[in-house]
């Protein structure tokens with residue numbers, strides 16, 4: 001499956017041909033995870049309505065939920081101002097994180113020193 | 001300024017020593033932008049409470065808002081499950097995007113084919 005050339009022309013990819021993708025729960029606004037897509041993963045995502053990523057560790061395409069059942073149904077997809085990041089609004093089935101947490105950011109808070117605002 | 005070794009040990013960086021950072025408006029949930037930090041930028045962010053990034057294009061540290069006034073005050077900072085992405089909850093002054101848009105994702109919607117949910 002190949003990506004619409006009009007979209008492909010606007011993408012700015014890393015040296016290994018990937019674009020970072022932020023997945024956000026469409027109704028609550030929770031940021032669920034960050035993953036990566038190559039052109040084919042983006043084409044599949046847009047045509048199937050199901051978030052499909054490129055696994056850098058396994059070096060393979062990965063339709064999220066294939067083994068876990070934790071599918072992401074895509075409600076909206078956007079490119080950022082300089083074409084190097086994608087934001088997906090999704091409806092996440094079950095947990096987004098492989099640990100079983102709802103999001104990948106539930107576990108590790110980084111300490112801020114003192115007050116945070118003027 | 002150096003990063004707390006307990007945090008530095010948990011970071012998984014790209015080949016050029018960077019970690020992607022998602023900035024989200026803390027009260028509305030809007031995803032504002034994605035930028036990058038090296039260890040020093042993260043140390044400065046945590047100690048000053050003001051989002052500070054590494055500019056890949058300019059190859060320099062960049063406290064957001066230095067020239068535009070569009071500062072990000074950090075309310076919360078989290079590392080993801082595998083230590084390779086940071087999520088900041090911020091209070092964004094003015095526009096997050098250099099185009100003047102509120103977020104970097106306001107301009108370019110990608111077309112989804114057909115229905116998006118089961």
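The values are calculated or read from the model by the stated rules, or taken from the named source; none is laboratory data. Predicted, not measured: the structure shown is a model, and the values here were computed from it. Here Cβ is always computed from backbone atoms with ideal geometry, including for glycine, and neighbour counts include all displayed protein chains.
What is the number of the single condition among (1) surrounded by fewer than 18 Cβ atoms within 10 Å (Cβ to Cβ); (2) at the interface with another protein chain (Cβ under 10 Å from one of its Cβ atoms); (3) modelled with pLDDT of 95 or more that residue B:57 does not meet?
(3)
Could you tell me which of the residues B:29, B:69 is under 23 Å from residue A:30 (Cβ atoms) and surrounded by fewer than 20 Cβ atoms within 10 Å (Cβ to Cβ)?
B:29
Which of the residues that make up the range B:87-115 are touching a helix residue (DSSP H, G or I) at 6+ places or on another chain (Cβ under 9 Å), over 25 Å from residue B:12 (Cβ atoms) and crowded, with 18+ Cβ neighbours inside 10 Å?
If the condition is that a residue be touching a helix residue (DSSP H, G or I) at 6+ places or on another chain (Cβ under 9 Å), over 25 Å from residue B:12 (Cβ atoms) and crowded, with 18+ Cβ neighbours inside 10 Å, then B:110 is the only one that fits.
Looking at the range B:15-48, which of the residues that are at the interface with another protein chain (Cβ under 8 Å from one of its Cβ atoms) and part of a loop (DSSP other than H, G, I, E, B) is farthest from residue A:14 (Cα to Cα)?
B:28
With respect to the numbered conditions (1) within 24 Å of residue A:28 (Cβ to Cβ); (2) in contact with a strand residue (DSSP E or B) (Cβ under 7 Å, 6 or more places away or on another chain); (3) at the interface with chain A (Cβ under 8 Å from one of its Cβ atoms), which one is the sole condition not fulfilled by residue B:51?
The failed condition is (3).
Let me spell it out: the conditions are (1) under 30 Å from residue B:69 (Cβ atoms); (2) loosely packed, with under 15 Cβ neighbours inside 10 Å, and residue A:84 meets all of them except one. Which number is the exception?
Unmet for residue A:84, out of (1) under 30 Å from residue B:69 (Cβ atoms); (2) loosely packed, with under 15 Cβ neighbours inside 10 Å: (2).
Kindly establish whether residue B:39 is surrounded by fewer than 16 Cβ atoms within 10 Å (Cβ to Cβ) and under 14 Å from the mean Cα position of the chain (by Cα). If you could, list the steps in order and put the result at the bottom.
Details: surrounded by fewer than 16 Cβ atoms within 10 Å (Cβ to Cβ): no; under 14 Å from the mean Cα position of the chain (by Cα): yes.
It is false that residue B:39 is surrounded by fewer than 16 Cβ atoms within 10 Å (Cβ to Cβ) and under 14 Å from the mean Cα position of the chain (by Cα).
What's the total number of residues in the range B:10-34 that are within 17 Å of residue B:105 (Cβ to Cβ) and touching a helix residue (DSSP H, G or I) at 6+ places or on another chain (Cβ under 9 Å)?
Qualifying residue count, the range B:10-34: 1.
Of all residues in the range A:67-92, count the ones that are outside any strand (DSSP E or B), more than 9 Å from chain B (Cβ to nearest Cβ) and either under 15 Å from residue A:34 (Cα atoms) or modelled with pLDDT of 95 or more (or both).
Going through the range A:67-92, the residues outside any strand (DSSP E or B) turn out to be A:67-71, A:80-85.
Those still in the list that are more than 9 Å from chain B (Cβ to nearest Cβ) too: A:67-70.
Right, trim to either under 15 Å from residue A:34 (Cα atoms) or modelled with pLDDT of 95 or more (or both) and you get A:69-70.
Qualifying residue count for the region: 2.
So, residue A:112, is that one under 22 Å from residue B:87 (Cα atoms), touching a strand residue (DSSP E or B) at 6+ places or on another chain (Cβ under 8 Å), facing chain B (nearest Cβ under 10 Å) and in a strand (DSSP E or B) or not? Lay out the reasoning, then the answer.
Details: under 22 Å from residue B:87 (Cα atoms): yes; touching a strand residue (DSSP E or B) at 6+ places or on another chain (Cβ under 8 Å): yes; facing chain B (nearest Cβ under 10 Å): yes; in a strand (DSSP E or B): no.
Judged against the criteria, residue A:112 is not a match.
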